[in-house]
Amino acid sequence: MSAKLQHVLCVDDEEDILDVARMCLEMVAGLQVSCCTRGKEAIERVRDINPDLILLDVMMPDMDGPTTLHELRKIPLLETTPIVFMTARVQASEIAQYLALGASGVVPKPFDPMLLSEQITKLWKEFHER
């Protein structure tokens, strides 16, 4: 049996997206949600947050999602933590590229607030069934 998903770290430079994601994941799925607005902030805080899953925006200023993912994977605590990209770039070739980089899945933006917790839960289960 897989571990229970309890804590999600959301990383996005748009605070309104963080607010909606937090509300959806907390209220619908009953998850604890921590938020960061920059990749660098996530890297600095992730050890203290210790998330079960990271929801990571692809397009952010300063440090984009793929670079952030690469840096997060250098942290021993996060070597196997599922990291899911959120992006409007969801062509098949783009999704394949994200998965090749080590992402565990992709949530299309804009996401449906009513379906976000279901999408995250599904990706969590798929990750643990591998």
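The values are calculated or read from the model by the stated rules, or taken from the named source; none is laboratory data. Only a predicted model underlies this, so the values are computations on that prediction, with no experimental measurement involved. As a convention, Cβ positions derive from the backbone with ideal geometry for all residues, glycine included, and neighbour counts pool all protein chains shown. These area figures cover heavy atoms from the full protein model, side chains too; ligands, DNA and RNA do not enter into them. Shrake-Rupley method; radii C 1.70, N 1.55, O 1.52, S 1.80 Å.
See the values below:
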item: Spread of Cα-to-Cα distances over 10 Å intervals beginning at zero, given as percent, for the chain; result: 13, 50, 34, 2
item: Net charge contributed by nearby residues that have their C-beta within less than 11 Å of Met59 (K/R +1, D/E -1); result: -3
item: Sorted peptide list for 52-62, 87-97, criterion being average Cβ within 10 angstrom, highest first; result: 52-62, 87-97
item: Helical mean residue ellipticity (222 nm; -39500 (n - 2.57) per DSSP H run of 4+; nearest 500) of the chain; result: -13500 deg cm²/dmol
item: Solvent-accessible area, 1.4 Å probe, carbon plus sulfur percent, for the chain; result: 52 percent
item: Per residue, in Å², the accessible surface of the chain once ligands and nucleic acids are set aside, probe 1.4 Å; result: 54 Å²
item: Of Val33, Val84, Val20, the one that fluctuates the most in a GNM where the chain has Cα springs shorter than 10 Å; result: Val20
item: Assigned charges on the beta-carbon of Lys, Arg, Asp, Glu; the chain dipole about Cα centre (debye); result: 480 debye
item: Gaussian network model of the chain, springs between alpha carbon atoms under 10 Å - residue of Lys74, Lys109, Lys40 with greatest fluctuation; result: Lys74
